[in-house]
Each structure stands twice: as structure tokens, then as C-alpha cells.
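Student: Structure in C-alpha cells, see below.
The values are calculated or read from the model by the stated rules, or taken from the named source; none is laboratory data. Note that the coordinates shown come from a computational prediction; the quantities given were computed from them, not determined experimentally. We place every Cβ from the backbone using ideal geometry, glycine too, and count neighbours over all the protein chains shown. Accessible surface is based on the protein model in full, side chains and every heavy atom, while ligands, DNA and RNA are left aside. Shrake-Rupley method; radii C 1.70, N 1.55, O 1.52, S 1.80 Å.
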Amino acid sequence: MPAGPAGYAAAVARPNTRSSRIRAVTGSLWFVPGSFGLGAVLLAVGLSVLEVRADLDLGGLLPGGPAGARSVLSSIITAMISFTALVFSITVVALQLASTQYSPRILRNFLQDRVTQFTLGTFIATFLFAMVVLAALPARADADLPAVSLILAMLLVLASVAAFIYYLFHITTIMQVATIIATIGGQTRKGIDSYHPPGELTAEPPVPGPVVAEIPASHPGIVTDIDLDAISRLAARRHCTISVTATPGDFVVEGGPLLAVHRLSGEEPAELDPDDLVTAISISAERAPGMDVGFGFRQLSDIATRSLSPASNDVTTALRATQEMHDLLRRLAGRPDTPRTVRDSDGVLRAVAPRQTFDNFLTIAVDEVWQAGREQPRIRDYLRTMLADLETSTAPTHLRAVRRRSALVAGDGH
């Protein structure tokens, strides 16, 4: 592990599983602008080469001579730098406001916003394209100008202006609390459909064989992704079953148990190198949407409880966040908590990973909101209505947890 605080942070934040690496790249703030910038440079260089061999008569659409072209391209470069700085400034202000007013855990939503990324990408592409074309302009006053490149540079300026106007509209929309709550809800529903699919509610959880070894966490952090297929392939090669002891969203300490190796009946497992599991589990410095469905509930609960604090006293926002959690709970109410499993072609259990439980979701969505808002009649009434609805729609395995919360909120609010 790299030494020093910066090295530690880099090691903890490094995604390991394939899906987490893909999300880290495609969801990062730099990926789209970087792709746009690289594409603009390649396009400008390619056009410069092609236009040397082409004889296009577009002089009427171009500035007068190389001097005029240089003036136009220099103006474009200067304007794009200013535009880019302005977009970054607006984005930083939006992040600060959202972090202070709602929750610091929703910053990822702003950083992964595609409109912001495409706007920055358009500005960077225009800037780099104009800079390359400027460098390729001929020095002689009577030389032919790169006509297509100059026209495309002007079209990119128009595209940048349009992108900036739409960005101003978009950033004011996504900063609205209703949009933030709906975005979190949408992300969480995708996680529910992917990692908590409907299944057999009466199925018994699998019971692997006796534990013969434990693999500790190499560094502290939060489990964000578990590649159960990779774990199962390794277990098949080592003739054992491997179970994960932590659920997505759990914090693990360095040296604490992370995986357990189980003996199969009549078969002694081969020695397992912990380094073989590096790409199977991602441990990060912060929680992330996706496999960690509870992270969505955590964000919504944070918004609700902050809104119910004396400093905010915004019951409407708290109620809207609770309504979103109601929909998520109803989707989960008929789905099992049994662990995720992978078996090989012979039906042998190879990998087991626990799921986040429905009771845990209820703790975040009901207990915490009730603690913060039991003095508010609208919150009390809605929680009672929500739990009454869940009692009629939940699976028998979850009914006890729902009734326990119903008893909690059935009193007078004290």
C-alpha cells in the first residue's frame, strides 16, 4: 500500500471489480470532457491533413486571410477558457449549496450529471480544436486557408453557446430538492432490480461447510461492490466454497474478516492466496449507488432528517423524501433477504454473499425519520399510513419487522 495519507486515500478509493471500474470511469467528471477533447484534437489534425489534398472554394465564408483567421481563432480560444471557468464556478457553487442544505452524500449525483459533463466537453473540444487549427494556419498571406476547419470551429462556437444556455436551465432544475429526491429514487430502483430481484421467499438460506480459513481486509473502507462470479471461479479452482462476511455498504477494518473459506464434503481446499481476490471486492472511501441499495435510503433519510431539524423546519421536503422511501420499501417488501449464491455446473455451492436486509431499510426509513419528526403531525400520519400499506403488501418473512415499526409509531408521538 502506498505510504502517507494521499497514498492511503488513493489505495482505498481504487475500484477493483470490473463493474466498479467501469462505473468509476464512465461516471467520472473527466471521462466525457476528456473524450470530447481527444476527439477534437484528432479531428483537427485529420482535417488539416485532408485539406492539404483538397481544393475547396469556400473563401466567401471565411475571414480575410490568415491574419483574420488568427484573430477569429484567438477570440474563440479566449472565450472558451472564460466559458469553461464559468461552468466550473457554477458547478462548485451548486455542490456547496447541495452539500450544506441537503446532504454531503448527494455530491456524486452532481459530479455524474451528464449535461454538466457534455457542456464541459463541448467547451474543451471547441478550445482544443481552435488551438490546433490556429497552430496549423499557414504563415504566408496568400496561402490557402483550412476552410472546413475554420467553418467547423465557428459551428462549435454556436454549439457551445447553445450548450451553455441549456446548462444554465439544467443546473437550476437539478438543484431543486424534488429533482434530487427523484434522482436518488431512480438510482435506487435500478439497484433493487439488479441486486434484489424477486425470488422464492420460502427458500432456506444456503449452509456452506465448516470454515477452514478466513481472509482479512487488506485496508479499511466501505465495501461497494462484490463480484460473486469471480469469487465462484476462484472457489472452483481451489475446490472450496467462499462466503463474503460483509454486505455492500458495510465498513470493514484492516485485518478484520472479509471472506471465509469453507470445506466441501470429502474434499480438502487448496491453499488460497488473498491476492487472488483483489479484483473480486471493491473497498472504497465512500458509499456508492448500485449494489449498495441502502445508500439510496441513507441519502433520502439524511434529506428528511435535515429538513426536520430546527434550523430548516421544512416538513414538506421531509415528507417528499419519506414518500420516495415508501415506494422503495414497497418494491422490496415482496423480495427475499436470502443471500446471493453462485453454483457451478454440477450444482455445488461455490460463492455466497449476504444481502442488505429489509429490516435494515426499515430502520433507516422509519426509525430515523420517526425520531426526528414525531412531533410533526404530517410526518406521524404519513408514517402510519405507509406502515399500514406495507403490512398489506409485504411478504410474511418481513411482516414482523413492519409490525414492530407500526407499534413504534402507533403512540401519541412521545
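Student: If we scan the stretch 112-130, do we find a residue that is at pLDDT below 90, acidic (Asp, Glu) and surrounded by 16 or more Cβ atoms within 10 Å (Cβ to Cβ)?
Tutor: yes
Student: Next up: Which of the residues spanning the stretch 43-87 are of a type in the set (Phe, Trp, Tyr) and modelled with pLDDT under 80?
Tutor: none
Student: Sticking with this one: Give the residue, chosen from VAL212, VAL161, VAL207, that is surrounded by fewer than 16 Cβ atoms within 10 Å (Cβ to Cβ), within 30 Å of PRO269 (Cβ to Cβ) and at pLDDT 85 or above.
Tutor: VAL212
So that you can scan it fast, the table gives a plain yes or no per residue for (1) open to solvent by less than 70 Å² (accessible area, probe 1.4 Å); (2) in contact with a strand residue (DSSP E or B) (Cβ under 6 Å, 6 or more places away or on another chain); (3) closer than 17 Å to GLU324 by Cβ; (4) at pLDDT 90 or above:
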| position | (1), (2), (3), (4) |
| --- | --- |
| GLN356 | yes, no, no, yes |
| PHE361 | yes, no, yes, yes |
| ALA365 | yes, no, yes, yes |
| ALA395 | yes, no, no, no |
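Student: Yes or no: PHE169 surrounded by 14 or more Cβ atoms within 10 Å (Cβ to Cβ), among the aromatic types (Phe, Trp, Tyr) and part of a helix (DSSP H, G or I)?
Tutor: no
Student: Out of THR322, THR316, THR341, report the one residue that is open to solvent by 10 Å² or more (accessible area, probe 1.4 Å), touching a residue at least 24 places away in the same chain (Cβ under 8 Å) and either farther than 17 Å from ILE184 by Cβ or in a helix (DSSP H, G or I) (or both).
Tutor: Selected residue: THR341, the only one of THR322, THR316, THR341 that is open to solvent by 10 Å² or more (accessible area, probe 1.4 Å), touching a residue at least 24 places away in the same chain (Cβ under 8 Å) and either farther than 17 Å from ILE184 by Cβ or in a helix (DSSP H, G or I) (or both).
Student: With the requirement that a residue be on the phi < 0 side of the Ramachandran plot, crowded, with 20+ Cβ neighbours inside 10 Å and either in a helix (DSSP H, G or I) or not basic (Lys, Arg) (or both), what does the stretch 278-295 give you?
Tutor: Answer for the stretch 278-295, where residues must be on the phi < 0 side of the Ramachandran plot, crowded, with 20+ Cβ neighbours inside 10 Å and either in a helix (DSSP H, G or I) or not basic (Lys, Arg) (or both): ALA280, ILE281, SER282, ILE283, ALA288, PRO289, MET291, ASP292, VAL293, GLY294, PHE295.
Student: Given the options ASP225, ASP193, name the one that is under 21 Å from the mean Cα position of the chain (by Cα) and open to solvent by 30 Å² or more (accessible area, probe 1.4 Å).
Tutor: Answer to the check: ASP193.
Student: Any idea which of (1) closer than 21 Å to GLY294 by Cβ; (2) surrounded by 20 or more Cβ atoms within 10 Å (Cβ to Cβ); (3) in contact with a Ser or Thr (Cβ under 6 Å, 6 or more places away or on another chain) is the one ARG350 doesn't satisfy?
Tutor: (1)
Student: Output the helices (runs of 4 or more DSSP H) that fall wholly within the stretch 354-414 and possess 2 or more residues being closer than 28 Å to SER243 by Cβ, or say none.
Tutor: 358-362, 396-409
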